[in-house]
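Could you have a look at this structure, given as C-alpha cells, before my questions?
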Amino acid sequence: MMTDTATLDHQASFPLPVPPELAFRALVEPAQLSRWFAEHVRVEPRAGGAFQFHGRGTFGTDEATQTITAIEPGRMVAFRWSIHGVPTEVRWGITEGKEPKTSQLELEHRVFGKLPVRDPKHVIDDLWRHHAGNLAEHLRGGTNVVLPDFGSDRPEVRVSIEIAATPAKVFRALLDPALMNRWLGGTARVDLERREYSYGWRYEIEGRSVAGGPTRIVELVENTKLVTDWPDSRVTWLLEPLGDGARTRVTIVHDGFGHPVDRSDYQQGWGAFADELRKVVEG
C-alpha cells in the first residue's frame, strides 16, 4: 500500500450471498467484473499486473491504467486507481460470512489527495454502496445489476416489475399505511389532505438518529402516478394496466440527484422493495 498521508481513508464491510471462494472469483475474473463493476476489464492476477477497467460505469476515469499492488489468491486483491487525476488505492478482502455459505467483502479505499467533488467522503461511500450492491445482486443471480452512467447529466435509478393485480389494488398498497408497512418494513404515515407521506424510517448516521425516505406527496394521479419527495431527489411510481387490466406494470423512477454517484445502492434497494410490493399485493 502507498505510504503517503491519505486525505481520505474509507472503510466498509458488505455481506455477500456466496462462499468466499466464489466471492473472490467475482473480484478477479474479467467476465464477472464486467457485469457488476465496469464495462471493460483486463486482469493480470499478480502483483504489478494489470487491473485495468474503464467505460461509462467507471467513476472519474477515462484511461485504463490501474495496476495490482498486492494479491493473495482467494483472500485479497489491491490495486491503484487514479480518480479525476488523484491517486487512490483500493483493497478488497474476502472473509467468512456470518451465515453458512456466505462471505464478507472488506473494503478499504485510500485517497491520496483532494477529489474535485462536493463532499468526497459521501461520494466514495455512495460509490461503493452501488458497486457492492451490484456485486451482491450479481452473485445471487438477480436482475437488478445496473452499471451507472457516470457521464450522464441526468442520473436516475429505474426499476420495473409486473404485478398480477389491478392498478387500483397496487395503488392502494402505496397509500395504505397498514399495507405499506408490510413491504417497506417501517411505520408509515399518510395524510392525503395535507400531502404528508412518510415510510417511518430512522437511520443512525455518524452517531445521530435521522429520518429517512419521503416526507410529502408532490403529485398524485389516482391509480396511475404517485410522486414523492426524497432527500435531495424525488421518487415517481408509474402504474400501467396490462392486457385486460388484471395485471399492472409498476415502474419506479428515482431521479433528481445532484451528482451521478448519489444513486448509491438505490437500484438494488428499489428492486427489492418492488418485489416485496408484488408479494403483498398478489398475496
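The values are calculated or read from the model by the stated rules, or taken from the named source; none is laboratory data. As the structure is a prediction and not an experimental result, all values here were calculated from the model. Here the Cβ is made from the backbone with ideal geometry for all residues, glycine too, and neighbour counts use every protein chain on show.
So LEU226 clears everything in (1) in contact with a helix residue (DSSP H, G or I) (Cβ under 8 Å, 6 or more places away or on another chain); (2) in contact (Cβ under 8 Å) with a residue 40 or more places away in the chain; (3) within 21 Å of ASN144 (Cα to Cα) except one condition, right? Which one?
Going through the list (1) in contact with a helix residue (DSSP H, G or I) (Cβ under 8 Å, 6 or more places away or on another chain); (2) in contact (Cβ under 8 Å) with a residue 40 or more places away in the chain; (3) within 21 Å of ASN144 (Cα to Cα), LEU226 breaks only (3).
Determine whether the range 40-55 contains at least one residue that is among the acidic types (Asp, Glu), over 20 Å from the mean Cα position of the chain (by Cα), in the same structural domain as LEU107 (by TED's automatic domain parsing) and farther than 22 Å from PRO260 by Cα.
The answer is yes; a qualifying residue exists.
Here's another thing I want to ask about it. Do we find that GLY74 is assigned to a loop (DSSP other than H, G, I, E, B), free of Cβ contacts under 8 Å to residues at least 60 places away in the same chain and out of contact with any strand residue (DSSP E or B) (no Cβ under 7 Å at 6 or more places or on another chain) in this structure?
The answer is yes for GLY74.
Go through the range 19-61 residue by residue and tally those that are touching a residue at least 40 places away in the same chain (Cβ under 8 Å) and within 19 Å of VAL123 (Cα to Cα).
Residues that pass the stated criteria total 9.
Residue-wise test of (1) of a type in the set (Lys, Arg); (2) out of contact with any Asp or Glu (no Cβ under 7 Å at 6 or more places or on another chain); (3) in a helix (DSSP H, G or I); (4) over 28 Å from THR248 (Cα atoms).
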| residue | (1), (2), (3), (4) |
| --- | --- |
| GLY113 | no, yes, no, yes |
| PRO116 | no, yes, no, yes |
| ASP126 | no, no, yes, yes |
| ASP149 | no, yes, no, yes |
| VAL170 | no, yes, yes, no |
| MET180 | no, yes, yes, no |
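Being modelled with pLDDT under 95, assigned by TED's automatic domain parsing to the domain that holds ALA164, within 30 Å of HIS84 (Cα to Cα) and not in a helix (DSSP H, G or I), is that true of even one residue in the range 197-208?
Yes: one or more hits.
Additional query: Could you list, in sequence order, the residues of the range 271-282 that are modelled with pLDDT under 95 and surrounded by 21 or more Cβ atoms within 10 Å (Cβ to Cβ)?
Matches in the range 271-282: GLY271 only.
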